[in-house]
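Single-structure report; data block below.
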Amino acid sequence: MKKKMLCCTIALLLVSGSVVSAHPGRTDANGGHTCRTNCERWGLSYGEYHYHNGGGSSSSSKSSSSTPKAKSSKNSTTKSAAPKPAAPAYAKSGLKVFVNGSVVKFGSEPLVYNNVNLVPLREIAEGMGAEVTWNREAASIGVQRGNHKITLTIGSKTVFYNGKSETVTVAPKVIDGVTYVPIQVFARGLGAGVNYTDHDKILRISL
């Protein structure tokens, strides 16, 4: 009887030892786990996920590395404020013009642009007794007084005196709907004498 019990005990120990050896490590809720101990002994690779409940083993060599999300690079440079609109290059000059001693009354203020005095064309032409013709397609202006004729083009620095071209510093301009011409260029082109005094902003034209 004792011999029989001893045999049963030895058999039980062998079975339990086999079970213990066959299950290194704790199993999860699915009845499996990742091999970390004596993997080669059981024909497994280190880190291989396998089952102990009869399920098939499968490699769970899931890549633990994941591509890191690129951090959005903050623009280190401070956004520059919107540029302020450039101030007009022309300004009111306060110029007074006299033709043969009589003051010319302007409907729009005389201006200064790049240190050049500009005056409204219509008033100065009338004050000097000149005739004005327009070519709207060519944007050109013809001004004649006696034998003197000037041809000017809006936005062009080329001026024709009796058909002969010259280059001037400032071109005729249309500002706020008013055509302005450089006064000294205009007056001399019509054969007038010009005298300008800066301290009192007075230009005298003699015909």
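Tabulated data
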{"item": "With DNA, RNA and ligands ignored, accessible area of residue 108 (1.4 Å probe; Å², nearest 10)", "result": "30"}
{"item": "Subset of 96/173; 92/201; 157/201; 105/157 violating a 22 Å alpha-carbon distance limit", "result": "157/201; 105/157"}
{"item": "Solvent-accessible heavy-atom area per residue, rounded to whole Å², over region 125-207 at 1.4 Å", "result": "56"}
{"item": "Most to least accessible of 148, 199 (protein chains only, probe 1.4 Å)", "result": "199, 148"}
{"item": "Surrounding net charge for residue 104, when Lys and Arg each add one and Asp and Glu each subtract one, Cβ distance under 15 Å", "result": "+3"}
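The values are calculated or read from the model by the stated rules, or taken from the named source; none is laboratory data. Just so we're clear, the structure is a prediction, and the values are computed from it rather than from any experiment. Quick reminder, even Gly has a Cβ in these numbers, built from the backbone with ideal geometry, and neighbours come from all protein chains shown. Surface areas here come from the heavy atoms of the whole protein model, side chains and all, with no ligands, DNA or RNA. Shrake-Rupley method; radii C 1.70, N 1.55, O 1.52, S 1.80 Å.
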